[in-house]
Amino acid sequence: MEIMNNWNQFLTAQGARPAAIDGAPDSTAPIAAAPIHDFGQSLTVSQLQEGFVAAITDQGLIGLNGDEAASFLHGQLTNDVEHLSQEQVRLAGYCTPKGRLLASFLMWRNATTIYLQLPRAIQPAIQKRLQMFVLRAKAKLHDASFDEANQVILGLGGQRASAALSALFPTLPATPFSKIEHALGTLLRVADAFGSARYEWLTSATTARDVWPQLAGTLAKGGMDAWRLSEIHAGIPQITAATQEQFVPQMVNFELLGGVNFKKGCYPGQEIVARSQYLGKLKRRTTLVSIDDASAVAGGELFAVSDPEQPCGMVVNAAPNGSGGIDALVEMKLGAITEGSSAAGAVRYGSAQGAHVQFLPMPYVLDALDL
């Protein structure tokens, strides 16, 4: 805890801007409540495209050890855990019995441990729920955020990111959703964005302090807002406290991203997830938009002007876009996506008279949609 707080203090000394918690600056709050938003200003999409390094301070990490850790998780999550190799990174969902997502994970493993990354704000409750179902399985859960090797998460992306990392690592993960282990830490390659590779680098606070000046010398400096913006433009949703139990996996494109394995055995909500896939046509998807309202947040509702009485969608994730507004992933009725993509001002945020919602190109094809 102290080391991690020291990392936040180091970042603050470099110009990082923590949010306020209950009116007090985050630098006086514990690390769990102390995300770093940015370094004085929100980065723009063009800055991210050129190259950035982001201090990711709002993510938690659950570690599972034991002979039956993989088989236990395999029976809980939407994706295949038993065949997860040490070179792979996967998305996985954790559903209620009704098939609604309680959490979404970035998942990987090493020789001893399976890791589940999720928002730090919901980690304690999710970890406790998983622990309840361990029963006699030989599997132990712990908060892996405090392991020395995982004290700091750096996110890198854009055109100059790979070159900056190549100065430190002899090889980089070759494809999206792959990883390497190195003396400097664990390097995950996640979904591409802006036509370039993106990486998460988990390492010790000591190593992070050593490499930060070198990385910040060639890349734009950001915090969790910059990383969220890159995730949004990669089309990667994350379930947060505001959106728990709102979506079945397909509503947030999870099966398009490889986050659902339809051939694996049972897990909570599996019947409903399978039924959504095979019976009837999907009626909702998640797409990328820009909203002219800096206060737009996850859980906020969207309205079609043609049907103003009821919401047509919900914000899944949102981040400042550096231009005074918010870029967001929004889950919506397919009809509203089609309408909003073809007519400016057809969809609004908050109410049918609210802020304009501009539809942006998605980085992958929404197969249920004919635009």
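A compact table of results
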item: Accessible surface of the chain [probe 1.4 Å, protein heavy atoms]: carbon and sulfur percent; result: 52
item: Bins of 10 Å, starting at 0 and running to the largest distance - Cα pair percent for the range 244-355; result: 14, 42, 29, 13, 2
item: Mean-position separation - Cα centroids, the range 252-320 and the range 163-190, in angstrom; result: 31
item: Per-bin percent of Cα-Cα distances, the chain [20 Å]; result: 30, 60, 11
item: Tail weight of P(r) past 16 Å, computed on alpha-carbon pairs of the range 203-256, percent; result: 62
item: Residues of the range 295-371: accessible area per residue with a 1.4 Å probe, Å²; result: 44
item: Rg to Rh, two decimals, where the range 105-173 supplies the alpha carbon set and Rh follows Kirkwood; result: 1.07
item: Approximate shape of the range 76-209 as ellipsoid semi-axes (Cα gyration tensor, √5λ), whole Å, largest first; result: 28, 17, 14
item: q = 0.14, 0.15, 0.23 Å⁻¹, the range 163-275: log10 I(q)/I(0) [Debye, one scatterer per Cα]; result: -0.75, -0.83, -1.38
item: Histogram of C-alpha separations across the range 214-300, 5 Å bin width, %; result: 2, 10, 18, 21, 16, 11, 9, 6, 4, 2, 0
item: Unit charges on C-beta of K, R, D, E only; dipole of the chain, Debye; result: 700
item: Cross-link table 98/138; 263/333; 128/263; 140/263; 281/333; 140/264, entries beyond 21 Å C-alpha to C-alpha; result: 98/138; 263/333; 128/263; 140/263; 140/264
item: The range 111-175: trypsin sites (Lys or Arg not before Pro) in DSSP loop, at most 14 other beta carbons within 10 Å; result: 136, 138
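The values are calculated or read from the model by the stated rules, or taken from the named source; none is laboratory data. Since this is a predicted model, take the numbers as computed values, not measurements. Here Cβ is always computed from backbone atoms with ideal geometry, including for glycine, and neighbour counts include all displayed protein chains. Note: accessible area is taken over every heavy atom of the protein model, side chains too, but ligands, DNA and RNA are not part of it. Shrake-Rupley method; radii C 1.70, N 1.55, O 1.52, S 1.80 Å.
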